[in-house]
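Student: Please find one structure pasted underneath; my questions will follow.
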Amino acid sequence: MSNVIFSAETLAWISDVRQLKTLRKELRRRFNKVEIYFYIRRQDLLVVSHNQEASKGRPSRVFYGNQSVALPKYMAEFDEYLDYHSKLSMWGDLFGDESIKVRIFEEKKLVDGNVVADFLYASGLDLTPRLLQSNQSLGREKVLLSHYMLDAGVPVEVRKKVLEFIEDSERLKPSKQEAQEFYAHYRSSNIALNNRFNVSEKESIFSDNFDSYPEVSGDLWDANSVGRAVYGLINVLLDQDIIDSPLA
């Protein structure tokens, strides 16, 4: 029988055991063996990345509370998605721990630094991957301005036009202290996950190094940031197509 690969990020949002039981039932009707691969990332890094995507109008913006910042303030509701131990344990209870394969989503730990190559290695499938360009992060002004435009209900075509006139700058990052405080909510959960699924030799699974973050959060506007944003807005207003749009 041929192997079937099914990949969907939305599966990670399942938190209702009844939905998972329905999925298990359907899979067992069709397959003799099921292996489930989870790629997990340190929670603060994941949310910073999600927030970048949220500025493009993605559903994660609703989940994190429409916060126009580098790293949303922690809320207990986030645990539904970010408490890896609770989530993966639910899958393990239904499918069996032996069916759960946990991989660490860090470039240095991925085979060839690529998640597709890593999956093929871990699964033992003999396939030649077609590597695609990954999502490109926006610069800090673009992310912040995108959030503000979303809050104001600016049409997507206008938002895209505005961002075309703003040069990319450094990535939007929270301060080191903010990241550490956010991650602290999940460190014990990661340890419990490691104890159950034996993910890493490191107790808490992930590195405790936060040196990639600045001392001061990047979501604070400065004169240069404001200047770049205003430049983009002025250029759009000077564009005849935008002036004639409903927004004008």
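Student: Can you give me the number of residues within the stretch 180-212 that are without any contact (Cβ under 8 Å) to a residue 60 or more places away in the chain, surrounded by 15 or more Cβ atoms within 10 Å (Cβ to Cβ) and of a type in the set (Ser, Thr, Tyr)?
Tutor: 1
Student: Sticking with this structure for a sec: Might you check whether a residue that is farther than 17 Å from ILE14 by Cβ, of a type in the set (Lys, Arg) and open to solvent by less than 70 Å² (accessible area, probe 1.4 Å) occurs anywhere in the stretch 87-95?
Tutor: Looking for residues that are farther than 17 Å from ILE14 by Cβ, of a type in the set (Lys, Arg) and open to solvent by less than 70 Å² (accessible area, probe 1.4 Å), one finds none in the stretch 87-95, hence no.
Student: From the list ASP168, ASP126, ASP112, which residue is over 20 Å from LEU46 (Cβ atoms), part of a helix (DSSP H, G or I), open to solvent by 70 Å² or more (accessible area, probe 1.4 Å) and at pLDDT below 90?
Tutor: Exactly one of ASP168, ASP126, ASP112 is over 20 Å from LEU46 (Cβ atoms), part of a helix (DSSP H, G or I), open to solvent by 70 Å² or more (accessible area, probe 1.4 Å) and at pLDDT below 90, namely ASP112.
Student: Let me ask something additional. Just to be sure, is TYR64 closer than 14 Å to PHE182 by Cβ, buried (at least 18 other Cβ atoms within 10 Å of the Cβ), in contact with a helix residue (DSSP H, G or I) (Cβ under 7 Å, 6 or more places away or on another chain) and modelled with pLDDT under 90?
Tutor: yes
Student: Let me ask you something else. For residues in the stretch 1-57 being open to solvent by 50 Å² or more (accessible area, probe 1.4 Å), under 14 Å from the mean Cα position of the chain (by Cα) and basic (Lys, Arg), which is nearest to PHE197 (Cα to Cα)?
Tutor: ARG41
Student: Pairs, please: C-beta under 6 Å, at least 6 apart or cross-chain, first residue touching a residue at least 24 places away in the same chain (Cβ under 8 Å) and in the stretch 27-40, second buried (at least 16 other Cβ atoms within 10 Å of the Cβ) and among the hydroxyl-bearing types (Ser, Thr, Tyr)?
Tutor: Filtered contacts from the stretch 27-40: ILE40/TYR84.
Student: Quick one: would you say GLN177 is at pLDDT below 75, surrounded by fewer than 14 Cβ atoms within 10 Å (Cβ to Cβ) and either closer than 30 Å to ASP208 by Cβ or under 21 Å from the mean Cα position of the chain (by Cα) (or both)?
Tutor: no
The values are calculated or read from the model by the stated rules, or taken from the named source; none is laboratory data. Please read all numbers here as calculations on a predicted model, not as lab measurements. Every residue, glycine as well, gets a Cβ built from its backbone with ideal geometry; the counts of neighbours run over all protein chains shown. All accessible areas refer to the heavy atoms of the entire protein, side chains included, with ligands and DNA or RNA removed. Shrake-Rupley method; radii C 1.70, N 1.55, O 1.52, S 1.80 Å.
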